[in-house]
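I have placed the structure first, in the form of structure tokens, so that the comments after it can refer back to it.
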Amino acid sequence: MNLGSVAAIRSGLVLSRKLSREQSPYCYPLLNLRAIHPDGYILSDSLEVFHAIEPLSQEYLTQQSDIIIRLSIPYTPILIVPDMVGMVVSSNFTIIRSNQEQVLPEYLLWLLSTPEMKKKIYESSSSNMLSAVRPSFFADLDIPFLSLVDQRKIAQLNLLAKRESRLLKRLAEEKEKYYAIVIDRAQKRMIGGNQLDDKKRY
């Protein structure tokens, strides 16, 4: 089945159309390319503030269970969870809102992250210089049909794997910091010991 038959798909906002040149009461967190980690989550420290000339339509703001996918390499999809709601989605992304009676967003997140799907996206965009894919590509995208029960099983395994991977990376980073401190202290002790030995000789 085509994804467009089970999901509402649209491009993000062309920011220049709604941008206020000065601060306004209509300000929103802006989801930009820098805020998307390649592993598929939002870097909140990299979000910008967007001042609009008027209140923005909800269709351009993140909603819970949206899939937001980057239209340029590496075509990273992310799942919007409650604390990510209300951000402006720029035209650098496509917004996918699935009919959850047919396709679970968590399953769709996994599907759009697979190497096979990334290959299809890349092949569809290889004809233009920026390697950017059009939102219409996703509407026409053929996706395998699975029951909601099977979708949920795959989605849960994928989310568990992502969570474990992030924890392991965080642990590895903390270990690197720990060993860097240990080595630095050991070196300073050795330098201090050598200096004492030199003084004794004289």
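Can you find, within the stretch 6-56, the residue that is most open to solvent (accessible area, probe 1.4 Å) among those that are among the charged types (D, E, K, R) and more than 30 Å from L146 (Cβ to Cβ)?
Step by step, filter the stretch 6-56, then rank; the result is R21.
Filtering the stretch 134-146 down to residues that are out of contact with any strand residue (DSSP E or B) (no Cβ under 6 Å at 6 or more places or on another chain) and in a helix (DSSP H, G or I), which residue is surrounded by the fewest Cβ atoms within 10 Å (Cβ to Cβ)?
The residue in question is S136.
Can you tell me which residue in the stretch 147-171 is farthest from the chain's Cα centre (by Cα), limited to those that are open to solvent by less than 90 Å² (accessible area, probe 1.4 Å) and under 11 Å from W110 (Cβ atoms)?
Among those that are open to solvent by less than 90 Å² (accessible area, probe 1.4 Å) and under 11 Å from W110 (Cβ atoms), it is Q151.
In the stretch 19-77, how many residues are over 22 Å from A161 (Cα atoms), of a type in the set (V, I, T) and at pLDDT below 90?
1
Please specify each residue of the stretch 78-97 satisfying the condition of being touching a Pro at 6+ places or on another chain (Cβ under 9 Å), of a type outside the set (A, V, I, L, M, F, W, C) and more than 21 Å from F137 (Cβ to Cβ).
Listed by number, the list holds a single entry, G86.
Would you please list the contacts, defined by Cβ atoms under 8 Å and residues six or more apart or on different chains, that run from a residue in the stretch 158-186 that is in a helix (DSSP H, G or I) to a residue that is open to solvent by 100 Å² or more (accessible area, probe 1.4 Å)?
Matching pairs, first to second residue: none at all.
Name, by its number, the condition in (1) open to solvent by less than 60 Å² (accessible area, probe 1.4 Å); (2) on the phi < 0 side of the Ramachandran plot; (3) polar (S, T, N, Q) that does not hold for S131.
Just one mismatch for S131, condition (2).
The values are calculated or read from the model by the stated rules, or taken from the named source; none is laboratory data. Remember, it's a predicted structure, so these values are computed and weren't measured experimentally. A quick note on method: Cβ atoms are made from the backbone with ideal geometry, for glycine too, and the neighbour counts reach across all protein chains shown. To get the accessible areas, we keep the full protein, side chains included, count just its heavy atoms, and leave off ligands, DNA and RNA. Shrake-Rupley method; radii C 1.70, N 1.55, O 1.52, S 1.80 Å.
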